[in-house]
Amino acid sequence: MENINSFGKTLNVLYIEDDVVIREKLSKLLKHKFNNVILKDNGLDGFITFYEKKPNNEQIDLIISDLNMPVMDGMTMFEKIRELDYNIPFIVISGKSEPETLLDAIISC
């Protein structure tokens, strides 16, 4: 278990969630487990953050994101990030449970 906690402390996480309460609560947990947690509130800001850090060798190791957000939804953001880095791991968080939405998320991520 200690190895997992130590490994987590080496990771930089991009967390995108438009709901302020959810973002604040989950970010507190994430900040205890990961080295650096970058918070954004919509898909466009998440994409821009990833895009700007990539050429500067500021590695983002994991993306955790909601699907339904303003400005740019999570699915569109995933697709755009995949064009830059096909191997970046994603964790999808969503209040929606429709099979089509979940299947689209699995295929896109």
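One table, with the values for the structure above:
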| read-out | value |
| --- | --- |
| Interchain or long-range residues, amide H under 5 Å from Leu62's placed H | Asn12, Leu14 |
| Cα-based reach from Lys9 at 15 Å (exclusive), listing aspartates and glutamates while leaving out same-chain residues under 8 positions away | Asp61 |
| Spin-label model distance (nm) - Asn68 vs Leu84, 7 Å beyond Cα toward Cβ | 2.7 nm |
| Residue-wise HN-Hα coupling along the range 65-81, computed from phi with Karplus coefficients 6.51, -1.76, 1.60 (Hz; x: Gly, Pro) | 8, 6, 9, 9, 9, x, 6, 9, 6, x, 4, 5, 4, 4, 4, 5, 5 |
| Met69 long-range amide H proximity, modeled H, under 5 Å | Gly74 |
| Theoretical gain in end-to-end length, Lys53 to Lys33 [0.36 nm per residue, Cα-Cα removed] | 5.1 nm |
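No value in this document is a laboratory result; all are computed from the given coordinates. Bear in mind that the values here come from a model prediction, so they are computed numbers and not experimental data. Cβ atoms come from the backbone with ideal geometry, glycine included; neighbour counts cover every protein chain shown.
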